[in-house]
Protein chains: 2
Amino acid sequence: MGARFCPRVLAVSDPKQTKVVLDEAEMPTHWYNIVADLPTPPPPHLHPGTQQPLVPSDLAGLFPPGLIEQEASTERWIEIPAEVHDIYRLWRPSPFYRARRLEQALGTTARIYYKYEGASPVGSHKTNSAVPQAYFNKIAGRTRLTTETGAGQWGSALAFASQVFGLSCDIWQVRSSYEGKPYRHVLMETFGASVVASPSELTEAGRALRVQFPDTTGSLGMAISEAVEAAAKDPSASYSLGSVLNHVALHQTVIGQEALKQLELFGETSADYLFACAGGGSNLAGISFPFLRENLAGRAATKIVACEPKAAPSLTEGEYRYDFGDTAHLTPLLKMYTLGPDFVPDPVHAGGLRYHGMAPLVSHCYHEGLIDAIALRQREAFEAGVLFSRAEGIVPASESNHAIAGAVRQARRATEEGESPVIVIGVSGSGQLDLPAYAEYLAGTMADS
Amino acid sequence: MGARFCPRVLAVSDPKQTKVVLDEAEMPTHWYNIVADLPTPPPPHLHPGTQQPLVPSDLAGLFPPGLIEQEASTERWIEIPAEVHDIYRLWRPSPFYRARRLEQALGTTARIYYKYEGASPVGSHKTNSAVPQAYFNKIAGRTRLTTETGAGQWGSALAFASQVFGLSCDIWQVRSSYEGKPYRHVLMETFGASVVASPSELTEAGRALRVQFPDTTGSLGMAISEAVEAAAKDPSASYSLGSVLNHVALHQTVIGQEALKQLELFGETSADYLFACAGGGSNLAGISFPFLRENLAGRAATKIVACEPKAAPSLTEGEYRYDFGDTAHLTPLLKMYTLGPDFVPDPVHAGGLRYHGMAPLVSHCYHEGLIDAIALRQREAFEAGVLFSRAEGIVPASESNHAIAGAVRQARRATEEGESPVIVIGVSGSGQLDLPAYAEYLAGTMADS
């Protein structure tokens with residue numbers, strides 16, 4: 001009887017197999033740290049005052065020891081604590097699909113797969129890092145977390161994670177998303193968090209921004225300033241960041257580790273292309289770093305493509321230099337592709353991609369030529385998202401639509417050239433709370449920023 | 001290697017196992033028809049003119065032959081067509097969880113499990129019937145489907161299913177839900193359907209209702225009248241119903257078949273209690289009829305509890321008699337527990353439960369004492385839903401909260417009595433699109449209807 005339940009057996013024997021869902025025992029036990037395998041070391045974060053590489057004590061006011069250690073770690077594998085692993089069980093391993101109906105809709109010769117993170121508690125990959133962040137804060141004795149959020153994916157993830165570990169959670173949400181996507185802050189509140197629109201009256205940074213830019217719709221950079229300030233003023237609080245930093249990228253590598261295994265269970269030896277959306281970079285890093293490891297070890301030659309919005313094109317149009325992560329210059333200096341901390345993007349619907357910079361690790365890999373990048377306008381992204389919804393029955397997050405659009409371009413090119421590449425898409429989340437953006441697209445009123 | 005992937009092995013060997021996700025090869029191949037096993041035959045549907053039992057030709061204007069045959073079938077097992085099975089693969093088998101964190105939050109001695117239908121394309125169990133309904137219409141040559149929807153779960157399911165089989169789809173949505181839950185109709189539109197608020201100006205029934213009740217917020221009974229009228233006037237169209245009828249209950253039995261298998265994989269021989277929400281009855285029928293089969297065969301003694309809203313208490317406060325399914329008296333007469341076709345419930349948030357009657361098969365089972373029923377007010381339901389969200393990381397649909405509240409009552413009772421029953425909850429859907437109702441509950445402004 002037992003053998004009937006084995007996806008490893010079924011994947012190769014069932015010609016219609018649509019998905020591979022691993023058992024909990026197949027969940028990764030460690031996070032993968034790409035730093036251990038990079039040909040050149042990534043530039044360190046710098047202290048904004050001294051311009052010298054950060055030492056752990058520089059971060060002690062903001063982060064707990066466990067996360068500071070991970071931020072600078074060069075160990076290849078970092079064990080996932082049992083308490084975190086137990087919570088991951090609620091939604092991990094996440095499913096991995098062969099997009100058979102999307103292939104049919106495109107009439108493509110490519111084989112398209114996607115890894116779907118939308119079945120998590122908040123409908124995105126963000127809980128993969130929120131849960132360990134809350135855990136390491138809890139064991140360090142912190143009782144409160146502060147953070148910023150754009151579309152609300154990260155905020156709701158941290159709200160859930162804080163609830164799990166009994167921490168209070170205060171969230172500054174970019175005003176345009178707070179007002180345009182009202183369901184998201186209700187989700188955060190359902191998980192027990194407090195949410196305000198940023199810039200707010202609750203912080204010095206927020207009050208100053210409201211004087212300087214009375215009509216601003218906010219930005220992630222502004223919201224970060226507020227959350228950092230609030231944490232810095234409260235010794236029982238930590239600040240928590242949903243993307244950009246090395247430890248966040250690290251936590252997300254559970255995605256790529258699972259995807260590699262699941263792709264293999266479909267009988268594929270490797271992927272030719274991997275498309276993932278990139279805002280701050282955590283989703284891209286999470287799915288791609290395990291694939292990049294295969295490339296660096298000579299076991300694969302997967303072309304990894306970061307898909308960013310034309311409205312915030314940090315990789316494709318930014319400068320590679322040290323910059324602040326926030327508007328108020330409260331964060332360490334990070335070496336990254338950046339549009340400058342004062343950059344306020346058009347109010348593109350993919351709120352999670354509206355960031356001025358790109359994760360230092362992703363930036364380094366891009367600078368070294370290890371990954372590629374393209375920028376897409378939002379109408380092309382939503383056209384692909386609607387096609388995907390109708391074929392696969394999953395309405396993707398606005399952010400994920402950028403990756404799908406990149407993959408659709410590639411599949412069409414392959415068909416024209418008579419090739420059959422294996423294309424993997426990282427679908428970072430569900431779009432059930434992005435439906436107002438779909439309404440605009442369907443009504444033909446979406447700006448093509 | 002293979003054995004590591006087998007949930008059947010792992011379920012008993014992993015003390016922290018949180019969920020069992022079966023492989024696609026474990027999906028049911030047949031729908032289960034409870035009629036074959038009932039001790040007494042359920043009363044037939046009647047022709048509203050002749051008061052005689054319906055013959056297949058009476059339904060030919062509304063439904064395709066495949067569904068008419070299923071409506072009257074007494075066969076125990078009805079094969080799921082390959083084309084339907086292939087689409088089920090997109091989200092089935094659905095996951096089955098041990099609610100370990102809910103148990104901890106309650107401090108209960110009970111073992112609580114739940115079957116979760118919220119990971120389907122539209123976030124509910126409704127696609128289980130929408131897909132076969134669209135399929136049997138397609139092979140009968142119909143090109144258009146009409147339907148009604150309350151909260152929008154059924155409408156979005158039929159919108160998706162129509163898209164899959166290339167049918168056009170027109171949906172009348174109860175006005176209170178259309179206006180109060182705007183994301184839902186965008187979801188239907190994303191899948192390619194047309195949606196109007198009911199009562200509408202598009203049908204005679206709708207126009208008459210608007211004259212008679214100018215301020216009405218609509219009801220499922222009214223919306224059914226409109227959709228039935230539209231289909232009856234168009235020979236290329238069929239009407240499609242998301243609950244109540246025998247063939248809908250039949251399609252939903254994939255839920256209970258999977259749940260039985262998954263419960264066994266957790267090492268449980270049977271359930272002591274099964275709680276499921278009941279509006280029209282399809283969710284309740286789907287999860288419970290396979291359990292009821294076990295009871296009838298003497299292999300189990302599961303107490304099956306229908307959880308209905310106090311605002312539309314058809315089982316607990318209705319009359320068991322022949323009644324119309326709609327306001328305009330266009331449907332066949334159905335023997336059911338009913339509050340009367342003119343009943344307009346308070347605008348309770350669980351739109352999917354706002355129906356005046358109960359599926360004839362469920363009504364018959366209730367009348368025969370094979371299942372129990374309780375009615376719950378919505379504040380108790382949402383209190384349980386918030387508790388569940390924070391523990392399990394899944395925000396349940398408003399409807400599902402009624403089942404969770406029933407199970408929470410039972411778990412507390414068991415704890416007081418020092419018993420350790422196995423409690424299974426049917427969580428029929430996700431509440432991501434019900435967040436405005438959660439907002440009201442959290443703000444303390446929800447009416448306790």
Gain on full stretching of the segment that runs from B:Ser13 to B:Glu368 - 0.36 nm per residue minus C-alpha separation: 123.7 nm
DSSP beta bridges in the protein assembly as shown [antiparallel fraction, %, rounded to 5]: 35 percent
Fully extended contour minus Cα-Cα distance, from A:Arg321 to A:Glu383, at 0.36 nm per residue: 18.9 nm
FRET efficiency, A:Thr216 to B:Ala105 (Cβ-Cβ, R0 45 Å, nearest 0.05): 0.65
Rounded percent of accessible protein surface that carbon and sulfur make up, the protein assembly as shown, 1.4 Å probe: 51 percent
Total charge dipole magnitude, the protein assembly as shown, about the Cα centre, Cβ charges on Lys, Arg, Asp, Glu only, Debye to nearest 20: 880 debye
Where N is the number of residues in segment B:363-449, Cα Rg divided by 2.2 N^0.38 Å: 1.18
Rounded, prolate or oblate (a/c below 1.5 giving rounded, otherwise prolate when a/b exceeds b/c) for segment A:127-242 by Cα gyration tensor: oblate
For segment A:307-449, size of Cβ-based charge dipole, Lys and Arg +1, Asp and Glu -1, in debye: 120 debye
Pairwise Cα inverse-distance average, inverted: Kirkwood Rh of segment B:71-111 (Å): 14.1 Å
Cα-only Debye scattering, the protein assembly as shown: base-10 log of I(q)/I(0) at q = 0.06, 0.07, 0.08 Å⁻¹: -0.38, -0.52, -0.68
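In µm²/s, what is D for segment B:94-160 at 20 °C and 1.002 mPa s, where D = kT/(6 pi eta Rh) by Stokes-Einstein and Rh is the Kirkwood radius from Cα pairs? Walk me through the intermediate numbers first.
Values: Rh = 14.2 Å.
Answer, rounded: 151 µm²/s.
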Between A and B, accessible area buried - total, square angstrom, nearest 100, 1.4 angstrom probe: 5300 Å²
Shielding by partners, peptide B:17-28 (average Cβ within 10 angstrom, other chains): 6
Three-way shape call for segment A:409-449 based on the alpha-carbon gyration tensor, with the a/c threshold at 1.5: oblate
Dimensions (Å) - chain B, Cα atoms, principal axes, largest first: 60, 48, 42
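Pop the C-beta distance of A:Glu179 and A:Ser270 into the FRET formula with R0 = 45 Å and round what comes out to the nearest 0.05.
It comes to 0.50.
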Ascending list, in nanometres, of distances separating the B:Pro182 label from those of the other copies (7 Å, Cα toward Cβ): 0.8
Antiparallel DSSP beta bridges within chain A, as percent of all bridges there, nearest 5: 35 percent
Under the Karplus curve 6.51 cos²θ - 1.76 cosθ + 1.60, θ = phi - 60°, whole-Hz ³J(HN,Hα) for segment A:328-333, x wherever Gly or Pro sits: 8, 6, 9, 8, x, 7
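Can you compute the helix-only [θ] at 222 nm over chain B? Use -39500 (n - 2.57) per DSSP H run of at least 4 residues, normalise by all residues, nearest 500 deg cm²/dmol.
Mean residue ellipticity at 222 nm (helix-derived): -12000 deg cm²/dmol.
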Other copies of A:Gly107: label-to-label distances in nm, shortest first, labels 7 Å along the beta-carbon direction: 6.6
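So with the 1.4 Å probe, I'd like the accessible area per residue for the protein assembly as shown, rounded to whole Å².
31 Å²
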Mean-position separation - Cα centroids, segment A:244-309 and segment B:395-449, in angstrom: 38 Å
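Highest mean first, how do B:317-325, A:146-154, B:405-413 rank when packing is the count of other Cβ atoms within 10 Å averaged over residues? Provide the component values of the computation, followed by the final result.
Details: B:317-325: 18.1, A:146-154: 30.3, B:405-413: 22.8.
Per-residue mean Cβ counts within 10 Å order the peptides as A:146-154, B:405-413, B:317-325.
The values are calculated or read from the model by the stated rules, or taken from the named source; none is laboratory data. As the structure is a prediction and not an experimental result, all values here were calculated from the model. Glycine gets a Cβ as well: all are built from the backbone with ideal geometry, and neighbour counts include every protein chain shown. Just so you know, the surface numbers come from the protein's heavy atoms only, side chains and all, with ligands and any DNA or RNA stripped out. Shrake-Rupley method; radii C 1.70, N 1.55, O 1.52, S 1.80 Å.
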